[in-house]
There are 2 protein chains.
Amino acid sequence: MREQAASFFRSLQSSIIEALESFEPSVRFNADAWDRPGGGGGLTRVLLDGDVIEKAGVNFSEVHGDLPEDFAKTLPGEGTSFWAAGVSLIIHPRNPYAPTVHANFRMLDQGGEQWFGGGADLTPYYPFAEDATHFHKTIKEACDPHDAAYYPDFKAWCDRYFYLPHREECRGIGGIFFDRLQADEAHTLSQRFEFVQDAGRAFLDAYIPLLQRRKDLSYGEREREHQLIRRGRYVEFNLVYDRGTTFGLKTRGRTESILVSMPPLVRWVYDYSPSEGSAESQIFEAIKPRDWASLEGETYHY
Amino acid sequence: MREQAASFFRSLQSSIIEALESFEPSVRFNADAWDRPGGGGGLTRVLLDGDVIEKAGVNFSEVHGDLPEDFAKTLPGEGTSFWAAGVSLIIHPRNPYAPTVHANFRMLDQGGEQWFGGGADLTPYYPFAEDATHFHKTIKEACDPHDAAYYPDFKAWCDRYFYLPHREECRGIGGIFFDRLQADEAHTLSQRFEFVQDAGRAFLDAYIPLLQRRKDLSYGEREREHQLIRRGRYVEFNLVYDRGTTFGLKTRGRTESILVSMPPLVRWVYDYSPSEGSAESQIFEAIKPRDWASLEGETYHY
């Protein structure tokens with residue numbers, strides 16, 4: 001299954017890149033192949049300064065070797081030897097009305113135990129209920145055939161995970177987040193893998209229509225400033241709380257691949273607080289956890 | 001001594017603000033007084049969008065109450081009850097040739113033990129050996145009369161502390177860093193306090209001349225971009241490694257006062273690497289730990 005999983009993640013990387021490049025008349029993803037000193041390697045692909053996409057990173061990696069003992073102890077398997085493959089991506093559109101999106105899908109094999117993890121979550125700067133609803137519904141439809149508990153469980157997990165306690169804010173409007181999907185009484189490992197493939201394929205259907213309908217909305221300095229400030233929350237979450245990022249940096253992973261998630265341009269303003277009733281101020285209400293998949297976006301207003 | 005220390009930190013805040021405002025014809029520091037729910041409070045003062053200073057935060061706080069038990073256990077005193085006062089500051093100049101600077105000075109009282117901590121360190125974006133030398137010499141002259149070991153010990157501590165393992169880079173050219181200066185066989189607590197006062201007063205002499213001589217140097221888009229990217233390292237250090245920041249955020253300190261250290265505008269570029277031989281590329285050599293106080297800046301070239 002390792003080979004199948006790695007092959008799926010590699011092809012998912014390609015199809016996501018193809019879809020994103022179709023928005024760009026002149027810029028293309030670079031391709032940076034790298035080797036991991038301890039074993040394995042990856043292909044980091046970054047697009048910068050597009051018309052629609054200000055920055056996107058879509059990374060594939062397949063690595064193996066030994067984990068730090070302290071970390072290995074927190075995992076399901078025995079010993080420190082591991083293998084992992086996955087794809088991870090972040091898209092920072094230029095237009096402030098287009099949401100940032102993050103996703104990753106991975107398989108781990110450690111000490112005889114194998115599992116899948118991953119997820120996809122959306123971070124808008126302006127609230128469009130129909131975008132949130134479309135994103136969640138599309139993902140829910142990919143989850144439901146596999147296990148009716150997947151979407152509600154993984155949606156709740158996502159809301160808990162992407163939370164900034166020091167801001168008392170969620171990072172965005174969520175999506176799904178899951179980890180340690182092993183074989184159990186109800187699922188074979190193959191069934192877990194089938195789910196991960198469907199979730200991975202659903203990503204483009206969930207996100208691309210949002211980019212399509214927001215990329216040409218007109219905006220000015222005010223919207224751009226709001227976007228740059230909200231991007232600061234993204235940086236705060238990733239550097240202070242995100243397990244993948246902090247673990248990667250502290251165990252000397254490939255820094256440039258890990259920090260490709262950083263937004264291209266970010267502003268911090270002391271005590272930023274959009275005026276009451278402004279479009280900008282509505283984002284605080286919009287990012288509160290909500291049952292998006294059950295809402296009809298067209299008729300729902302903040 | 002608590003009262004004396006708090007009073008000194010308060011007056012240091014005022015004199016630093018006065019010195020910085022003298023550079024600005026039209027903008028002034030705001031003044032944001034706040035109460036800490038658990039006890040005490042502070043005065044956060046921020047200057048934004050000046051001609052010379054893009055952003056500066058100079059904070060005073062005097063707080064007391066109970067520390068989280070896990071954290072209290074790592075401290076010299078008994079129990080969780082504590083009192084702390086201090087001043088902390090960060091200055092992000094607009095001109096890329098003018099260095100960013102950070103300093104803080106504080107007194108702690110916990111479970112019958114009292115100590116001082118603090119430091120000052122410089123983060124240039126372009127290497128000027130004479131700036132580094134002036135900064136270190138001025139601080140060394142403030143340290144030496146108190147204890148000949150202070151400067152070398154605290155300089156080395158600073159180099160160790162402000163280090164980004166994932167970049168294999170120091171944050172800047174250092175300065176001094178010290179903590180847990182308690183009374184011991186060689187020093188009374190009053191003598192520790194005398195030292196902290198001299199170090200605090202030396203800060204302006206160490207930094208202001210650098211701001212004065214770099215603030216009007218002409219620069220363009222290239223230098224500005226380099227500055228914005230290097231500021232990203234500052235964010236990475238503060239959010240991933242800095243104990244004050246991460247502890248403050250995780251224990252629900254006042255977020256806006258803690259994150260006033262964030263630069264006003266920051267850029268992340270994938271795999272940024274200034275061309276060999278460029279002025280920008282010299283910063284990597286310049287930030288390697290060096291015995292700045294013994295160098296003659298005028299005759300030393302990178």
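Distance to the A-onto-B rotation axis is smallest for one chain A Cβ; residue and value in angstrom are A:Leu239, 2. With a Förster radius of 30 Å applied to the C-beta separation of A:Met1 and B:Lys250, the computed FRET efficiency comes to 0.20.
The angle separating the long axis of helix A:221-236 from the principal Cα axis of greatest extent in chain A is about 30 degrees. Shortest first, A:Pro165 label-point distances to identical copies amount to 2.2 nm, with the label point at 7 Å from Cα along Cα→Cβ. Restricting the GluC sites (Glu not before Pro) of segment A:155-234 to loop positions (DSSP other than H, G, I, E, B) with no more than 15 neighbouring Cβ atoms within 10 Å leaves A:Glu168, A:Glu185. When only the Cβ of Lys, Arg, Asp and Glu is charged (+1, +1, -1, -1), the dipole of the protein assembly as shown relative to its Cα centre reaches about 400 debye. With angles folded into 0 to 90 degrees, how steeply does helix A:2-21 sit against the dominant principal axis of chain A? Use alpha carbons for both and round to 10. It works out to around 20 degrees. In degrees from 0 to 90, rounded to the nearest 10, what is the angle of the helix B:150-161 Cα long axis to the longest principal axis of chain B? That works out to roughly 70 degrees. When each of B:Lys140, A:Lys288 is scored by the number of other beta-carbon atoms lying within 10 Å, the sequence from fewest to most is A:Lys288, B:Lys140. Between A:Tyr125, A:Thr44, A:Trp83, the Cα set farthest toward the positive side of the dipole of segment A:1-134 (charges on each charged residue's Cβ, about the Cα centre) is that of A:Thr44. Pairs to check: A:Lys73/B:Lys73; A:Lys288/B:Lys55; A:Lys155/B:Lys55; B:Lys215/B:Lys250; A:Lys137/B:Lys250; A:Lys155/A:Lys215. Give those whose C-alpha atoms are more than 28 Å from each other in this structure. Table pairs above 28 Å Cα-Cα are A:Lys288/B:Lys55; A:Lys155/B:Lys55; B:Lys215/B:Lys250; A:Lys137/B:Lys250.
Here the scattering of chain A is modelled by Debye summation over its C-alpha atoms, one equal scatterer each and no solvent; at q = 0.11, 0.15, 0.17 Å⁻¹ the log10 of I(q)/I(0) is -0.65, -1.25, -1.59.
Over segment B:2-299, what relative contact order in percent results from Cα pairs under 8 Å that are six or more residues apart?
In percent, rounded to a whole number, it is 17.
When +1 charges are put on Lys and Arg Cβ atoms and -1 charges on Asp and Glu Cβ atoms, the dipole computed for chain B relative to its Cα centre reaches about 580 debye.
First check a/c for the protein assembly as shown, with a ≥ b ≥ c the square roots of the eigenvalues of its C-alpha gyration tensor; if it is under 1.5, answer rounded, and if not, answer prolate when a/b is larger than b/c or oblate otherwise. Provide the component values of the computation, followed by the final result.
On the way: a/c = 1.73, a/b = 1.65, b/c = 1.05.
Note, shape of the protein assembly as shown comes out prolate.
Remark: the Cα gyration tensor places segment B:186-273 in the oblate category, a/c being 1.5 or greater and a/b not exceeding b/c. Farthest towards the positive end of the charge dipole of chain A, among the residues A:Gln4, A:Gly65, A:Ala33, is the Cα of A:Ala33, using unit charges on the Cβ of Lys, Arg, Asp and Glu.
For segment B:74-218, the square roots a ≥ b ≥ c of the C-alpha gyration tensor eigenvalues yield an a/c of 1.5 or more together with a/b exceeding b/c, which makes the shape prolate.
In this assembly of identical copies, the label point of A:Tyr272 (Cα plus 7 Å along Cα-to-Cβ) is separated from its counterparts by 1.8 nm, sorted shortest first. For A:Ile53, the residues 5 or more places off, or on other chains, whose built amide H falls under 5 Å of its own are A:Arg94.
Amide hydrogen proximity for B:Glu169: with H placed 1.01 Å from N in the peptide plane, the residues at 5 or more positions away or on another chain lying under 5 Å are B:Leu164. Put in line by how crowded their Cβ is, counting other Cβ atoms within 10 Å and starting with the fewest, B:Leu249, B:Leu48 read B:Leu48, B:Leu249. Across the copies of the chain, B:Ser81 has label points (7 Å from Cα along Cα→Cβ) spaced 5.7 nm apart, shortest distance listed first.
None of the figures in this text is laboratory data; all of them are computed from the coordinates on show. Because the structure is a prediction, the values reported are computed rather than measured. Don't worry about glycine lacking a Cβ; one is built from the backbone with ideal geometry, like all the others, and counts go over all protein chains shown.
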